[in-house]
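Bear in mind that the values in this text are calculations on the coordinates, not laboratory data. Computed from a predicted structure; not experimentally measured. So basically every Cβ, Gly included, is an ideal-geometry build from the backbone, and we count neighbours across all protein chains shown.
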Amino acid sequence: MHIGILQTGHAPAELIPSLGDYDTMFHKLLEGQGFDFSTWNVVDMEFPNSVHAADGWLITGSRHGVYEDHMFLDPLIQFIQAAFAAEVPMVGICFGHQAIAKAMGGTVEKFEKGWSVGRQGYQMAGEEIIMNAWHQDQVTVKPALATRIASNGFCENAGLLYGKRALSLQPHPEFDDTMLEGLITYRGSALSEDRLSYVKSQLGQRNDNRRIAATIADFFKSAHADTTQAVAS
């Protein structure tokens, strides 16, 4: 299955030589799931020529806000809406989660209580799932057609499911401890000392990134199989 990565931002330049850009982190996360990948740097106005240029789309995180004025945002929202209408499955992470919500009629805002960073627990499928977070913006009103699948006391709409068409998560299953250490160094200036201290204190603890990788892979494969079967019939 061919997954198109819509890269909506770039990792800190200082980290790319060792960790790669955001697309590389998703390659690593989804390694062994039977996918091949192509990347379009939509943040730099590089867009696919069709929603059918890949079997599924993965929209990355970004330091930008979906409510800000950036040249790539309107075309991205239009692309999401077109892919949704064409039933090409999408997965959105952090900014991607917010962009899908905005495209589908939800509300995204800079959250009044500030940042969620580091290791966080989310209620998902009746149990606590641990992922790393790094965000201030949130989906504060979910789209009517979305089902909430992950939540905690700080981030109500941490995971949303749009039937077989889209799955999105606010936290970052692609971020490991090394990435968090890099973000502390190169993008931590916006955070309070207590939040930075919390992130540091949680490094080396378990997370459920591999489990979420399987969830993402299963979503893509199931949605693609349903679409292929519908076309064939």
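With distances taken between every two different alpha-carbon atoms, region 139-233 has a Kirkwood hydrodynamic radius of 15.9 Å. The angle between the Cα long axis of helix 193-202 and the longest principal axis of the Cα atoms of the chain comes to about 70 degrees, rounded to the nearest 10.
Can you tell me what percent of all Cα-Cα pairs in region 74-207 are more than 20 Å apart?
Details: 4086 of 8911 pairs.
Of all Cα-Cα pairs in region 74-207, 46 percent lie more than 20 Å apart.
Taking Cα atoms only, the orientation of helix 73-85 departs from the longest principal axis of the chain by about 50 degrees.
Taken about its Cα centre, region 89-182 carries a charge dipole of roughly 480 debye when the Cβ of each Lys and Arg holds +1 and the Cβ of each Asp and Glu holds -1. A compact globular protein would have a Cα radius of gyration near 2.2 N^0.38 Å; the ratio found for region 2-232 is 0.95.
Which shape class, rounded, prolate or oblate, goes with region 41-100 when its Cα gyration tensor gives a ≥ b ≥ c as root eigenvalues, a/c under 1.5 marks rounded, and past that a/b bigger than b/c marks prolate? It comes out prolate by the Cα gyration axes. For region 30-106, applying the loop criterion from DSSP together with a ceiling of 12 other beta carbons within 10 Å to the GluC sites (Glu not before Pro) yields E31, E46, E68.
What value, in deg cm²/dmol to 500, does the helix sum -39500 (n - 2.57) over DSSP H runs of n ≥ 4 give at 222 nm once divided by the residues of the chain? Mind dumping the intermediate values first?
Details: 7 runs with 79 residues, N = 233.
Computed ellipticity for the chain at 222 nm equals -10500 deg cm²/dmol.
For I212, I59, the sequence from fewest to most other C-beta atoms within 10 Å is I212, I59.
Please figure out what share of the DSSP beta bridges in the chain is antiparallel and state it in percent, rounded to the nearest 5.
Numbers: 23 of 39 bridges.
Of the beta bridges lying entirely in the chain, close to 60 percent run antiparallel.
Computed about the Cα centre, the dipole magnitude for the chain is approximately 480 debye when only Lys and Arg (+1) and Asp and Glu (-1) carry charge, each at its Cβ.
Please label the shape of region 1-138 as rounded, prolate or oblate, based on the square roots a ≥ b ≥ c of the eigenvalues of the alpha-carbon gyration tensor (a/c under 1.5 means rounded; beyond that, a/b larger than b/c means prolate, else oblate).
Taking the square roots of the gyration eigenvalues as a ≥ b ≥ c, region 1-138 is rounded.
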